[in-house]
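Working notes, beginning with the structure itself.
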Amino acid sequence: MTRRFQIGLKLGLSAAVFLGLTVMAAYGLRALTGASQQARSPASIEAGSVFEHRGNLNSAELAMLGSTPLIRGRRVVFHEAVFRNHVLTPPNQVALNLFPDLTLTAAFQAPSAYGVNDGLYVGTILGDEDSSVRILIQNGIVDGTIKYKSSEFRIIDGANGQAIITEAKSIR
């Protein structure tokens, strides 16, 4: 009975620690995105920029975002109007300025006519037919995954128009 109690106690503590870390990460993401910062008007940013840079994440902040080792991350403001304007205008290409040293041009398929797919944009990076881009925009919230060469980029929505972009090595 004592051994069972010890095992149960260890399992319970492990579950409590995991739950605590999960909650801390969720609330930490709000802090990471700088919820108090407001987006500037599109006229005040570089013309055509989808993401407005708001600062890099440090290693401790990157560690809060999950178990996958991340190479780098940054806070951004996502400009939905700029994105939709480029996606919906032929040739349906958008320059995604993910990091100051990395801008990828994505070619998107025509948006789906099915209501269930409303706000979902799918495409590839020009020059890499093995790449994939999936961006979902609903109710002002953005979420996305970009797989390009040996990297995987995530766009994680924060609060008040803020988001985080991360880069991790992908297995392809």
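Can you confirm whether residue 140 is crowded, with 19+ Cβ neighbours inside 10 Å and not hydrophobic (A, V, I, L, M, F, W, C)? So that I can check it myself, show each step before the final result.
Details: crowded, with 19+ Cβ neighbours inside 10 Å: no; not hydrophobic (A, V, I, L, M, F, W, C): yes.
For residue 140, the condition - crowded, with 19+ Cβ neighbours inside 10 Å and not hydrophobic (A, V, I, L, M, F, W, C) - is not met.
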Exercise. Is there a residue in the range 142-159 that is without any contact (Cβ under 8 Å) to a residue 24 or more places away in the chain and either part of a helix (DSSP H, G or I) or among the small types (Gly, Ala, Ser) (or both)?
Worked result: yes
Problem set entry | residue 70 at pLDDT 90 or above, surrounded by fewer than 18 Cβ atoms within 10 Å (Cβ to Cβ) and within 16 Å of the chain's Cα centre (by Cα) | no
For this session: Considering (1) within 19 Å of residue 166 (Cα to Cα); (2) touching a residue at least 24 places away in the same chain (Cβ under 8 Å), say which one residue 132 fails and leave the rest.
Result: (2)
Exercise. If you take the residues of the range 127-136 that are surrounded by 14 or more Cβ atoms within 10 Å (Cβ to Cβ) and not charged (D, E, K, R), which of them is modelled with the lowest pLDDT?
Worked result: 136
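For residues that are surrounded by 13 or more Cβ atoms within 10 Å (Cβ to Cβ) and outside any strand (DSSP E or B), scanning just the range 111-125, find the one that is modelled with the highest pLDDT. Reasoning before the result, please.
Filtering the range 111-125 for residues surrounded by 13 or more Cβ atoms within 10 Å (Cβ to Cβ) gives 111-112, 119-125.
Pick out the ones that are also outside any strand (DSSP E or B) and you get 111-112, 119.
Numbers: 111: 72, 112: 67, 119: 85.
The residue in question is 119.
Hey, among 89, 103, which residue is exposed (fewer than 15 other Cβ atoms within 10 Å of the Cβ), within 16 Å of the chain's Cα centre (by Cα) and either over 17 Å from residue 49 (Cβ atoms) or not basic (Lys, Arg) (or both)? Quick ask: steps written out before the conclusion?
Working: 89 fails: within 16 Å of the chain's Cα centre (by Cα).
After applying the criteria, what remains is 103.
The values are calculated or read from the model by the stated rules, or taken from the named source; none is laboratory data. Fair warning: this is a prediction, and the values are worked out from it, not measured in the lab. As a convention, Cβ positions derive from the backbone with ideal geometry for all residues, glycine included, and neighbour counts pool all protein chains shown.
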